[in-house]
Amino acid sequence: MCGRYVAAAPPSEIAKYFAAAAPTETVLEPSYNVAPTNDVYAVVERDEERRLEPLRWGLVPLWAKDLAIGSKMINARAEGIAKKNAYRHAFRKQRCIIPADGFYEWTVVEGPEPRSAGGRSGRVKKQPMYIHRVDGEPLAFAGLWETWRGPERSDEPLYTCTIITTSANETMAPVHNRMPVILPPDKWEQWLDPDMQDIDELEKFLLPAPSSLLTLYPVSTGVNNVRNKGPELIIPQADVREPGQLPL
């Protein structure tokens, strides 16, 4: 899955990288700890124009009765996505790219040893890892977007999105069994084109990225707190167990 990621680049740079029109009004603050339900930038194609627009992370299907469902739909599994009621409309016509500098995943590491033979048994802790491209280029997560107008479909439109995940590649597998679908540049045009509705062909895009594309390292557990948003969160940690820290 992908539950936190980094989006710190200025919107003008993101728009240029993806050959999209930059947003004219809403400017989101850089965040090194994007969390579910936050507003995020996404590249979409509407009215024959590629745009960078703010969306709410956590897809709310057009038929949903409650906005809260979005917090459970931050990720969409690639397997069978074209047939799932929550995603099939967006997969056919409303695909997007969600730019990221990198993302976080948590792996289990060994906790401290017991103090004595008769003491407590060893425990485990969850260690956050920061994953990014080896070359430092932005990541292009495959996503879907949707418009929600309230339970009666009469409210002002709310635009939401989700990140598609697939099975992990060799780099990610020791950390987690899932990872975001990362689209290469030669797939962007087809992926964003709403007239491209060949489901069989689109499903071929939903594969793990090459293992050589990504690298990762441990970072501070400060990322566990969604209120922490600063660049210190991606500083590599030489020792994954901080002095005096108890296991989680």
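All of the numbers you see were taken from the coordinates with simple rules; none came from a lab. It should be emphasised that the depicted structure is a prediction, and the values quoted were computed from it without experimental measurement. Don't worry about glycine lacking a Cβ; one is built from the backbone with ideal geometry, like all the others, and counts go over all protein chains shown.
Hey, can you grab everything whose amide H is under 5 Å from the amide H of A168? Only 5+ residues off in sequence or another chain; H modelled, so Pro and N-termini drop out.
R178, M179
Largest first, please: the extent of the C-alpha atoms of the chain along each principal axis, to the nearest Å.
For the chain, the Cα spread along each principal axis is 67, 41, 37 Å.
If we sort 71-80, 1-10 on the protection proxy, mean other Cβ atoms within 10 Å, highest first, what's the order?
Packing proxy ranking, top to bottom: 1-10, 71-80.
Given the DSSP H assignment, sum -39500 (n - 2.57) over each helix run of at least 4 residues in the chain and divide by its residue total; what's the result at 222 nm in deg cm²/dmol, nearest 500?
Calculated from helices alone, the mean residue ellipticity at 222 nm is -2500 deg cm²/dmol.
Any chance you could run the full-extension gain for D39 through R149? It's 0.36 nm times the residue separation minus the Cα-Cα distance, nm to one decimal.
Going from the current span to full extension adds 37.9 nm.
At q = 0.12, 0.18, 0.20 Å⁻¹, what base-10 log of I(q)/I(0) does the Debye formula yield for segment 146-248 when every alpha carbon is treated as an equal point scatterer in vacuo?
Treating every Cα as an identical point scatterer, log10 I(q)/I(0) equals -0.70, -1.08, -1.14.
Quick one, what does Rg over Rh come out to for segment 39-80 if you take C-alpha atoms and the Kirkwood Rh?
1.04
Could you point to the residue in S71, A82, V43 farthest towards the positive end of segment 24-89's charge dipole, with +1 and -1 charges on the Cβ of Lys/Arg and Asp/Glu respectively?
Positive-most Cα among the choices belongs to A82.
Where in segment 140-154 does the amide nitrogen come within less than 14 Å of the point 7 Å from the Cα of R77, taken along Cα to Cβ?
none
Normalised by the residues of the chain, what does the relative contact order come to in percent, with Cα pairs under 8 Å and at least six apart?
Here the relative contact order equals 22 percent.
Sort segment 144-200 into rounded, prolate or oblate with this rule: let a ≥ b ≥ c be the square roots of the eigenvalues of the Cα gyration tensor; rounded if a/c is under 1.5, and if a/c is not under 1.5, prolate when a/b is larger than b/c, oblate otherwise.
It comes out oblate by the Cα gyration axes.
Using every alpha carbon pair in segment 1-117, what percent of pairs falls into each 5 Å bin from 0 up to the bin containing the largest distance?
Result returned by the calculation: 2, 10, 17, 19, 18, 14, 7, 3, 3, 2, 2, 1, 0, 0.
For the chain, modelled as a GNM with alpha-carbon contacts under 10 angstrom, which of V109, V181, V43 fluctuates the most?
Evaluated over the chain, the most mobile residue of the options is V109.
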